[in-house]
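Heads up: the structure comes next, in structure tokens.
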Amino acid sequence: METRVGVFLCNCGGAIKNIDFDALVKEVAKFPGVSCVNLSSDLCLEEGKKKMLSRMKEENIEKVVVAACSPEFQEHIFREVLERAGLNGHLLSMANIREQCSWPHEGEVTEKAVELVKMAVNKARLLQPVEKKELPVNEEVLLVGGGFSAINAALQLSRVGLRTTLLEEGVVLGGGPRKLESLYGFDPGSMIRAVKEDKNVNVLTSAQMTAVEGSIGDFRVTIRKDGEETLRNYGAIVLATEYQTELALDSGVKSSPNIVSQEQFFGMLRNPGLGAQPRTIGFMFDSSDENSRFPTLATLHNALQAKRKWGSEVYVFYKSVKVDSEGVERLYQQARDCGVVFLRSETPPRISVESGHVRIDGRDIFLGEDITLTCDVLVAEELYLPTEGSEYLSSLLNIRRDAEGFFQDENVHLYPVSSERKGIFFVGSCRGDLDLGRVLTDISSVVMSVHELLSSGKTLVDVERVKADPQKCVACLTCIRVCPHRAIQLVRADNSKEVAGISDLACYACGICACICPAKAIGFQGYRDEETFAQIEAIGESLNGRNVAFCCEHSAYPAADLAGRLRLHYSKDVRIIQVPCAGQVDVLHILKAFEKGAAAVLVMGCEEGACHHITGNTRAKERVKYSERLLKEVKVDGGRVRMFNLSPNAPHKFVRAVNEVAKTVKESGR
């Protein structure tokens with residue numbers, strides 16, 4: 001028996017003017033499986049939703065197509081209508097006839113609207129329900145680290161009722177660098193006492209993780225302490241390890257007691273038994289590391305204190321003073337007003353030690369003169385580096401680091417405290433050079449995220465939306481290796497055969513695994529190959545001369561929407577197919593489009609280095625290159641398939657790409 005599909009058209013209150021809706025209704029009514037076609041002007045409003053719900057019940061509709069505005073805006077609302085009608089919310093397919101049909105084109109676009117609705121109907125007929133289910137999550141948190149950030153985070157997690165294990169590799173808590181505590185006057189002793197006395201916090205010192213398995217909600221962690229290993233379960237893991245510093249000195253500079261670090265100089269300022277006070281003091285920062293946020297703060301603070309307490313001559317050699325931290329601009333102005341001399345140099349000054357003094361040779365770009373300073377003490381520039389165990393933790397937890405070795409690889413789609421794996425978070429200095437305000441913001445963000453995730457002991461997820469068929473899976477491990485979110489591991493099936501198991505909690509539904517599986521064993525409801533092929537085949541003979549664009553839902557698709565809202569015009573010949581990630585586009589999808597007569601295929605994903613799913617755009621690029629080679633082997637111009645990288649706020653770039661391909665197609669006579 002054929003599936004009963006209900007199609008609901010909306011003219012968005014008359015905002016869609018260049019589509020003949022009467023003609024559209026007549027054409028859509030002819031599509032196989034379509035039981036009813038309804039036209040509305042207020043489908044997303046309460047009255048429109050009531051009419052839609054009533055019509056679905058009257059016609060006993062099984063699957064729904066909505067042709068109106070972009071799914072980016074209202075898809076969730078229409079899913080709710082389906083659920084109120086007793087249908088699964090995933091049995092909805094949308095045709096974007098406003099942002100990607102009416103608004104970006106001049107003149108009549110009814111023909112294109114018919115094709116877009118037909119694509120949506122063909123997809124809807126194949127859609128399968130996706131059930132939601134509450135899954136249990138472990139309510140305990142593992143917090144790795146023993147410094148200010150870790151202790152503060154443990155206390156905050158305890159206050160919201162979450163039990164926390166504080167894991168410190170050192171013998172005691174607070175044994176690492178104490179610049180934050182020193183600069184802001186915190187008493188680390190009182191914080192350490194508070195966390196040790198907290199009943200919700202279990203402190204483990206001289207301990208470390210040796211193995212981690214599982215995923216969000218159920219991390220199985222092996223901890224070694226005093227030579228013994230124990231297995232514990234946690235719902236989330238928070239890394240709050242510290243940093244390490246080293247003086248940024250040329251290898252030719254001799255070590256000298258007159259060259260000190262910021263922390264050592266702070267100790268001198270607080271030492272009542274200090275002998276001779278330095279009369280001339282030099283500071284250096286920002287020459288070797290231009291992202292020096294905390295060194296800037298420490299330099300300004302210590303330079304100002306030295307001037308006020310000792311009345312010394314204080315000179316600061318710098319390349320640029322960055323005052324983006326709270327209160328730093330005020331501190332900079334106070335230092336200048338007190339007589340601290342700032343000398344700007346484009347190149348690092350030369351340092352030498354002579355007769356118990358430190359000589360600094362540099363060039364001030366404002367004076368345009370070479371300067372030589374002989375000082376009693378030089379507070380040298382410091383480089384902030386990841387702690388020694390960062391590489392080990394990265395390997396153990398399967399998480400990435402940035403170019404400098406800190407956690408959180410600066411992907412614009414990840415929140416600052418989030419990793420590419422759900423349930424693993426970062427706090428404070430383990431992710432870079434941060435000031436107090438940013439550290440405290442990190443702690444608050446992580447506590448809120450973890451509390452939201454674990455506090456109820458359960459979470460609602462789509463069950464088996466992405467699933468490996470145990471009959472087809474041969475445990476080749478390809479999906480495990482390529483999953484950017486580490487959501488797949490081997491599990492034992494009912495027949496004791498090991499197959500790929502995809503965690504519903506950990507999965508981001510990017511589709512990379514489904515595309516790359518050589519056995520085609522992984523199904524992704526809503527984006528299965530059959531559903532993609534059905535959209536391509538829906539255009540049929542009219543595909544001749546058309547260009548098919550596979551658009552990532554995080555970048556190219558919203559860019560196309562924005563182009564429509566801005567009324568930026570591009571070729572009518574493009575047919576957009578939304579994908580969860582460019583990495584989900586298979587070579588088979590590209591070849592199917594050409595088989596059906598496409599003039600060109602565009603694969604459009606995130607900007608390089610900024611993919612929502614980390615590696616999706618690079619994998620898409622590899623497949624495009626492979627498709628080019630295949631086309632050339634059958635004497636087809638490989639240039640007919642193109643890869644474009646763009647951001648969601650780049651509508652002009654989207655328009656240029658589409659028009660460039662359309663122009664090439666027209667000039668070649670295809």
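Glu2 passes all but one of (1) farther than 29 Å from Arg565 by Cβ; (2) outside any loop (DSSP other than H, G, I, E, B); which number fails?
(2)
Which residue is least open to solvent (accessible area, probe 1.4 Å), if the candidates are limited to segment 638-669 and must be closer than 29 Å to Pro558 by Cβ and assigned to a loop (DSSP other than H, G, I, E, B)?
Leu646
Which residue is farthest from Arg98 (Cα to Cα), if the candidates are limited to segment 13-49 and must be part of a strand (DSSP E or B) and out of contact with any Phe, Trp or Tyr (no Cβ under 6 Å at 6 or more places or on another chain)?
Ser35
Inspect all residues belonging to segment 340-363 and state whether any of them is of a type in the set (Phe, Trp, Tyr), under 29 Å from Gly275 (Cα atoms) and outside any strand (DSSP E or B).
No: segment 340-363 contains no residue that is of a type in the set (Phe, Trp, Tyr), under 29 Å from Gly275 (Cα atoms) and outside any strand (DSSP E or B).
Please tell me if Val634 is over 22 Å from Glu72 (Cα atoms) and either of a type in the set (Lys, Arg) or open to solvent by 30 Å² or more (accessible area, probe 1.4 Å) (or both).
Judged against the criteria, Val634 is a match.
Among the listed residues Leu173, Leu167, identify the single one that is buried (at least 18 other Cβ atoms within 10 Å of the Cβ), in contact with a strand residue (DSSP E or B) (Cβ under 8 Å, 6 or more places away or on another chain) and modelled with pLDDT under 95.
Selected residue: Leu173, the only one of Leu173, Leu167 that is buried (at least 18 other Cβ atoms within 10 Å of the Cβ), in contact with a strand residue (DSSP E or B) (Cβ under 8 Å, 6 or more places away or on another chain) and modelled with pLDDT under 95.
Looking at segment 50-71, which of its residues are in contact with a strand residue (DSSP E or B) (Cβ under 8 Å, 6 or more places away or on another chain) and part of a helix (DSSP H, G or I)?
Within segment 50-71, Lys51, Met52, Arg55, Met56, Pro71 qualify.
Give me the pairs, please: first residue somewhere in segment 600-626 and in contact (Cβ under 8 Å) with a residue 24 or more places away in the chain, second residue anywhere and surrounded by fewer than 24 Cβ atoms within 10 Å (Cβ to Cβ) and charged (D, E, K, R), beta-carbon distance under 6 Å, and either six or more positions apart or on two chains.
Ala600/Arg640; Leu602/Arg642; Ile614/Glu420
Could you run through segment 265-288 and say how many residues are of a type outside the set (Gly, Ala, Ser), under 39 Å from the mean Cα position of the chain (by Cα) and not in a helix (DSSP H, G or I)?
4
Look at Arg546 and say whether it is basic (Lys, Arg) and either open to solvent by less than 20 Å² (accessible area, probe 1.4 Å) or farther than 30 Å from Val34 by Cα (or both). Steps first, please.
On the way: basic (Lys, Arg): yes; either open to solvent by less than 20 Å² (accessible area, probe 1.4 Å) or farther than 30 Å from Val34 by Cα (or both): no.
For Arg546, the condition - basic (Lys, Arg) and either open to solvent by less than 20 Å² (accessible area, probe 1.4 Å) or farther than 30 Å from Val34 by Cα (or both) - is not met.
Can you tell me which residue among Lys49, Lys57 is loosely packed, with under 15 Cβ neighbours inside 10 Å, in contact (Cβ under 8 Å) with a residue 24 or more places away in the chain and basic (Lys, Arg)?
The match here is Lys57.
Can you tell me how many residues in segment 211-263 are without any contact (Cβ under 8 Å) to a residue 12 or more places away in the chain and within 19 Å of Phe283 (Cβ to Cβ)?
2
Can you name the condition, by its number, that Ala610 falls short on among (1) over 15 Å from Gln100 (Cα atoms); (2) modelled with pLDDT under 95; (3) out of contact with any His (no Cβ under 8 Å at 6 or more places or on another chain)?
Result: Ala610 fails condition (3) only.
Is it the case that segment 563-577 has a residue that's open to solvent by 60 Å² or more (accessible area, probe 1.4 Å), without any contact (Cβ under 8 Å) to a residue 40 or more places away in the chain, charged (D, E, K, R) and out of contact with any Leu (no Cβ under 6 Å at 6 or more places or on another chain)?
The answer is no; no qualifying residue exists.
Quick check on my filter: what residues within segment 289-307 are outside any loop (DSSP other than H, G, I, E, B) and either among the aromatic types (Phe, Trp, Tyr) or more than 10 Å from Val340 (Cα to Cα) (or both)?
Here is the first cut: in segment 289-307, the ones outside any loop (DSSP other than H, G, I, E, B) are 294-307.
Phe294, Pro295, Thr296, Leu297, Ala298, Thr299, His301, Asn302, Gln305, listed by residue number.
Give the residues of segment 197-221 that are under 17 Å from Gly423 (Cβ atoms) and part of a strand (DSSP E or B), sorted by residue number. Lay out the reasoning, then the answer.
Within segment 197-221, the subset under 17 Å from Gly423 (Cβ atoms) is 209, 211-221.
Across segment 197-221, the qualifying residues are Met209, Ala211, Val212, Glu213, Gly214, Ser215, Asp218, Phe219, Arg220, Val221.
The values are calculated or read from the model by the stated rules, or taken from the named source; none is laboratory data. Worth saying up front: this structure is predicted, and the values here are computed from it rather than measured. Cβ: placed from backbone, ideal geometry, glycine included. Neighbour counts: every protein chain shown. Just the protein is used for accessible areas: all its heavy atoms, side chains included, with ligands, DNA and RNA removed. Shrake-Rupley method; radii C 1.70, N 1.55, O 1.52, S 1.80 Å.
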